[in-house]
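Bear in mind that the values in this text are calculations on the coordinates, not laboratory data. On a predicted model such as this, the values are computed, not experimentally measured, just so you know. Here the Cβ positions follow ideal geometry from the backbone for every residue, glycine too, while neighbour counts run over all protein chains shown.
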């Protein structure tokens, strides 16, 4: 029966330490620091809620092991193995938790500062990898492994890997440059070079994915994106300005043409989806070519994807109005 008393003390110590840690956990999770944003606090609490339960048990195990070691309930070697096992489990759980928290915080930061949409995969991956590498080094140091020779070996091997993966690393650093400079963001309507136009889905570690207007996915290497001219139709805002040129016969009455066009765009600005009434559309007389009178209808659309529908509808309405007004047009006259 001599072992019952030490076992009771060990069990009591485990329960007391665990309950104390649980109480502290509850207080910390309920805290809302004034210096931190509500989004960051929410992300931190969500990431720590599950793993922190295990950490409370780890505290209880550590205290119980110290008590049991004093009473020599188990062989000394078992106590050391238990401590090593608890340390390994604790470091791994902290590393995985911090990696997940880093990815979540980067995602929330991008949503607030960039576009309100999903963050790019490259930013999340880089943040998680950095945390995992640091965690692995800490774990090796905890196990008594010398980290310096490993880092030296990795440095020498990294040179050979870098030479073998020049294209891949070029795309990686080009992706980091795109994230830092932010010429395009997830969800933006962009045109890369003269061929690729669509909405950015993701900036990955090797390539950028763009959903074309035809609903196809175009995968462009980050290095190509960084080198090409990028037209971002969503910066500084989503509105787009366009001009419709109308050419009629030189014998037409300029005032009648001007009035017909103004009347038509006034009606159209309230009936064509995507055509903005503010700034209001305007009509301008241009210097026409020989044998024609040229006018320009300037207008704004809510988004660049509206431009084709608005342009088609304006052309149709203008042509019908000119025909109703019996405004003379020649074969060379046009609405473009």
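Brief remarks on what is shown
- Label zone at residue 227, where the point sits 7 Å out along the Cα-to-Cβ direction: segment 173-201 residues whose backbone N lies under 17 Å: 173-178, 192-196
- Remark: spin-label model distance residue 142-residue 256 equals 8.9 nm, labels positioned 7 Å along the Cα→Cβ axis.
- Annotation: extensible slack from residue 88 through residue 173 equals 27.2 nm (criterion: 0.36 nm per residue apart, minus Cα-Cα distance).
- Anisotropy class of segment 240-335 from Cα gyration tensor, a/c 1.5 cut: prolate
- For the pair residue 324 and residue 81 in one chain, pulling the backbone fully straight at 0.36 nm per residue adds 78.0 nm over the alpha carbon distance.
- Stretching the chain fully between residue 7 and residue 66 yields a gain of 20.0 nm (0.36 nm per residue, less the alpha carbon separation).
- Ranked list, fewest to most other Cβ atoms within 10 Å of each Cβ, for 176, 265: 176, 265
- Cβ crowding within 10 Å averaged over residues, with 253-263, 57-67 ranked highest first: 57-67, 253-263
- From least to most packed, judged by other beta carbons within 10 angstrom and beginning with the fewest, 267, 106 follow the order 267, 106.
- Compactness of segment 171-232 - radius of gyration and Dmax, Cα, Å: 10.1, 30
- Each of 314, 143 was scored by other Cβ atoms within 10 Å of its Cβ. Arranged with the fewest first, they read 143, 314.
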